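Values in this text are rule-based calculations from the coordinates and carry no lab data. For clarity, every value in this text was computed on a predicted model and none was experimentally measured. Neighbour counts run over all protein chains shown; Cβ positions are idealised from the backbone, glycine included.
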Amino acid sequence: MSVDELSPWTKPIDTWNEIEVRLIDYLNIYLRNLQRDEVSFALYRLPLQNEPFLVIQRSQVQTYSSLISLDVSPQNGFLFAPFAITDDHPALLIAPEEVYSDTYSIARTAFKGVRADRPWIDQLDAVPLQHIQDHKDLPVFLSSDFADKQSALKRYRYCFSNFHYRVKNGDFRKLVLSRLYNVRAYEVHPVQIFARACEAYPNMLVSMVYTPISGLWLGATPELLVRGEPGRYNTMSMAGTMSILDLPASIVKGDVVQDLSTFYWSDKNKEEQQIVTDYITATLARLNAKFTCSAPFTSQAGELVHLKTDFLFSLPVGTSLGVLCDALHPNPAVCGLPRREAREFITTTEYDDRSYYSGLLGPWQPTRTSHIYANLRCMQLLPSHESLVGSSLYSKAMQVSLYAGGGIMPESDAMDEFEETCNKMECMSRFLFKSPEPEESTPHSSFAAFAGQ
């Protein structure tokens, strides 16, 4: 059986056949039922991987008051931690009570779970493409929800002025200002969003995470905090942002920048990224790590490009994963400098509670390989009561909270920074549109097997 037969996530969802679309419907309902029953789960796909993972914890999810406290009784799981850990937003570790590590096992689990829940059966007997075909090419949000951009800009400008003043005054070398934007959405299909993000962003960690404490989050993040196992780790310094729409047409083909080596970065962007690099360098030195790092280079992440420096390092024996992550997070890419004062200023001055935006997520394995990322390019989905307990295959109404932020330097301009947050929100908001009708094709045998075709 070929990889393609088991990995529809690697191709455009618009070309999925009926069996593959049925997989999305079953998985969407199965995960919604888990959410209805307050069962924690993480559906995720690692960068450059074909297959997703699904981790489920049916018992109560474990909470932690700090990243270091994860070391007290080391356990494996899926980490989901906020920007600032508080009583309302603790660090969470979804225990791997059930783990499904490929499309086929995930599909069989969803199929069996939904079939056991009798009220849903009638919906799934119908052709699952019909709803998409009847409403193709329509947005799932009301256009009026996006109409008040000027009000959002005015609100952002006021907060920007506070941040910018403190940076220009020398109180901080850098601050990261974030904002959220709420839209009312209809007929949101979370697993379809996940599938579209997997296809669009092969180099990112794509995730769909739910716990009763955090709620439901979807995202596609390019920013690695820690990857590796005891003795050998990677991290990165990533900052500076430009949209590929602002690049010369001669170096962009479709959505891909053809020649990143000749890319020009402003002094502001280079200094912003260097601050992050210097912070990581100093932190690794303080931990007595042996490390090497690359020269800064341009890296593409979807429709955006960033300045990036890669680090490879080893730690002294006995340095725990919790200590390492606590030392590195939050770094100036999501917070500011000096760190402690910047985090306090952000949490007391920003209009919106960051919650789990710009926190951490990923598979946490203290004695094996971990993949921990910053939770960027993300959105929180807050379903209405009826979408959880009603009988519709698609949710009736949902609030979608889109999050984004950007670094504030002395040279920063409010309008430029606001547009940067808009570009970052577009990374996930673009998937709030329904897909057109999929093309006809022969069902893959792997999906036909579990779908009873």
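Using the number of other C-beta atoms within 10 angstrom as an exposure proxy, rank Y181, Y186, Y264 with the fewest first. Working shown, then result.
Values: Y181 21, Y186 16, Y264 8.
In order of increasing Cβ crowding within 10 Å: Y264, Y186, Y181.
On a 27 Å Cα-Cα criterion, which of the cross-link pairs K174/K308; K268/K290; K168/K424; K149/K308; K149/K270 come out too long? Please list the in-between numbers first.
On the way: K174/K308 17 Å; K268/K290 30 Å; K168/K424 25 Å; K149/K308 31 Å; K149/K270 29 Å.
Those over the limit are K268/K290; K149/K308; K149/K270.
Can you give the FRET efficiency for L312 and T63, using 1/(1 + (r/R0)^6), R0 = 41 Å, r = Cβ-Cβ distance, to the nearest 0.05?
Numbers: r = 33 Å, r/R0 = 0.80.
My answer for the efficiency is 0.80.
Within 10 Å of each residue's Cβ, count the other Cβ atoms and sort V114, V317, V72 from fewest upward. Kindly include the intermediate steps, with their values, before the conclusion.
Details: V114 21, V317 7, V72 11.
Exposure proxy ranking, most exposed first: V317, V72, V114.
State, to one decimal in nm, how far the label point of I213 lies from the label point of Q399, with both points 7 Å from Cα in the Cβ direction.
Calculated label separation equals 2.2 nm.
How far is it, in nm, from the label point at D352 to the one at S101 when both lie 7 Å from their Cα along the line to the Cβ?
According to this spin-label approximation, the distance is 3.7 nm.
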